[in-house]
Amino acid sequence: MLNVGKIEEGIVLDHIEAGKAMLIYHYLHLDREDYQVAIIKNARSNDMGRKDILKVECNPDSLNLDAVAFVDPGVTVNVIKGGEIVEKKKIAMAREIRGVLKCHNPRCISSIEQGLVHIFYLADAKNGIYRCRYCEEKHSYGERAKLFL
Amino acid sequence: MRHCLTPLDFSIEELDALFDLAADIEKDPSKYAHACDGKKIATLFYEPSTRTRLSFEAAMMNLGGKALGFAGADQSSAAKGESVADTIRVVSCFADIAAIRHNKEGAAYVASQFSGIPVINAGDGGHEHPTQTLLDMMTIRQLKGRLDHFTIGICGDLKFGRTVHSLVKTMARYEGIHFVFISPPELKVPDYIIELLNEKGYTYEECIKLEDVITKLDLLYMTRVQRERFFNEEDYVRLKDFYVLTEKLLRRAKEDMYVLHPLPRVNEISVEVDKDPRAAYFKQVQYGVYVRMALILTLLDIHVD
């Protein structure tokens, strides 16, 4: 049994589908921050069999969680303050995701324009499809995951 | 401030008003000859163009205004690495309205986000070409007297043909429109257009051979297979002459089936078709000037009594 200590202040992402923790880590840009992060993969779960968990010690408001539901709409977000869970919530798919996903269409203006924020809008909530605000190229979780991995 | 990035920026009622204005300009151009005295249009063409750039400049001059700009990325600061955002900020100090053409999709949208003047999308890569759509629709309206209840055949490069994407999205809003998409499998209409048609319940069919469907069409929109959109020359060579509309083939079409084309035409319409009264592609060019005049007046909020 693996034991990871409690965090005082931050975010715990629970019920991540096993294997998706690193994708979420990537989309939250945690590789660019110096937060303490625990990535727990394949934890035993009564409901899910196996699940991933991400614990991030940080100001809970500092993380842009818009892309979490794009990767896995089943994730539970626990907001931790003073070592206690103060809020537990599911995240709806964001209507717009800014500065997280990257458009991979080589014909898109975002491929050359300096300093341009990559923006995606939710085109089809049922199928989790986002489109680039600039070129309308489709981005769904499956396609992006293939590229990322 | 209002921009024209896609024809969907305008409601059907606004489009009607725009076409009414264009028709009035056609009827009495002298009435509008000084409507834009002292105004300037900047034509920012990062990609080569003859018709569209000259049409915008002619439109502004017909209204009494002047035109400035560049015709190629190598003639602009883009060659030095300047962004679209910076270019439009600078140009906003020189002109009252801008028309931008760029080979990258979404360039006009970026320009509109940083601009101090109205921006017209004059073509952004394979994405949209709204003023072409406006002139296509104006041509249909003038020749057919209406914009609804047609079977419209669209033939050629439906994947990269930006004029096609804009036209389908806009015409689909009118009642009784049925699209027949005619293309080789490699150049099929993009999935986002198909999704949009499915979502709204519009009817369409896809096929490969023009001769199989030409008899049922009310309008035929031919497009060129565009060399500049291919990363691979071999694919272009294989597909470039996939469709050729000949006099013989046109004989099978309805007596009033007008043929439209955004031009430039290469081999996809034989020159012998030009003399057929159903060949409407050169009329489109003339209507293009009137529509662009109407658009400039609308975006600058100038009214002529």
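The values are calculated or read from the model by the stated rules, or taken from the named source; none is laboratory data. Since the model is a prediction, treat every value here as computed from it, not as a measurement. Heads up, the Cβs are rebuilt from the backbone with ideal geometry, glycines too, and the neighbour counts pull from every protein chain shown.
When B:Val168, B:Val189 are checked against the criterion of being within 14 Å of chain A (Cβ to nearest Cβ), within 22 Å of B:Gln132 (Cα to Cα) and part of a helix (DSSP H, G or I), a single residue qualifies: B:Val168. Selection of the stretch A:81-91 for residues being in a strand (DSSP E or B) and either farther than 20 Å from A:Lys51 by Cα or among the small types (Gly, Ala, Ser) (or both) yields A:Lys81, A:Glu84, A:Val86, A:Glu87.
Listed by first and then second residue, the pairs with beta-carbon distance under 7 Å, at least 6 apart or on different chains, first residue in the stretch B:287-305 and outside the structural domain of B:Thr43 (by TED's automatic domain parsing), second basic (Lys, Arg) and buried (at least 24 other Cβ atoms within 10 Å of the Cβ), form an empty list. The number of residues in the stretch B:29-54 being touching a Phe, Trp or Tyr at 6+ places or on another chain (Cβ under 7 Å) and loosely packed, with under 14 Cβ neighbours inside 10 Å comes to 0.
Can you find a residue that is assigned to a helix (DSSP H, G or I) and either more than 20 Å from B:Thr163 (Cα to Cα) or among the β-branched types (Val, Ile, Thr) (or both) anywhere in the stretch B:66-74? Yes, that holds for at least one residue.
Pick out the one residue from B:Phe179, B:Phe160 that is among the aromatic types (Phe, Trp, Tyr), free of Cβ contacts under 8 Å to residues at least 60 places away in the same chain and not in a helix (DSSP H, G or I).
Every option except B:Phe179 fails the conditions.
Looking across B:Glu26, B:Glu57, B:Glu13, one residue alone is at pLDDT 95 or above, surrounded by fewer than 16 Cβ atoms within 10 Å (Cβ to Cβ), in the same structural domain as B:Ala98 (by TED's automatic domain parsing) and not aromatic (Phe, Trp, Tyr). It is B:Glu13. When residues in the stretch A:101-132 are screened for being in a loop (DSSP other than H, G, I, E, B), in contact with a strand residue (DSSP E or B) (Cβ under 6 Å, 6 or more places away or on another chain) and within 7 Å of another protein chain (Cβ to nearest Cβ), 1 of them pass. Whether any residue in the stretch B:139-160 is touching a helix residue (DSSP H, G or I) at 6+ places or on another chain (Cβ under 7 Å) and within 12 Å of chain A (Cβ to nearest Cβ) is what I want to check. Taking every residue of the stretch B:139-160 in turn, at least one turns out to be touching a helix residue (DSSP H, G or I) at 6+ places or on another chain (Cβ under 7 Å) and within 12 Å of chain A (Cβ to nearest Cβ). When we screen A:Leu116, A:Leu63, A:Leu23 for residues that are within 30 Å of B:Ala108 (Cα to Cα) and crowded, with 17+ Cβ neighbours inside 10 Å, the only hit is A:Leu116. Could you tell me whether A:Ile40 is within 30 Å of B:Lys80 (Cβ to Cβ), surrounded by fewer than 18 Cβ atoms within 10 Å (Cβ to Cβ) and touching a Lys or Arg at 6+ places or on another chain (Cβ under 8 Å)? In short, no.
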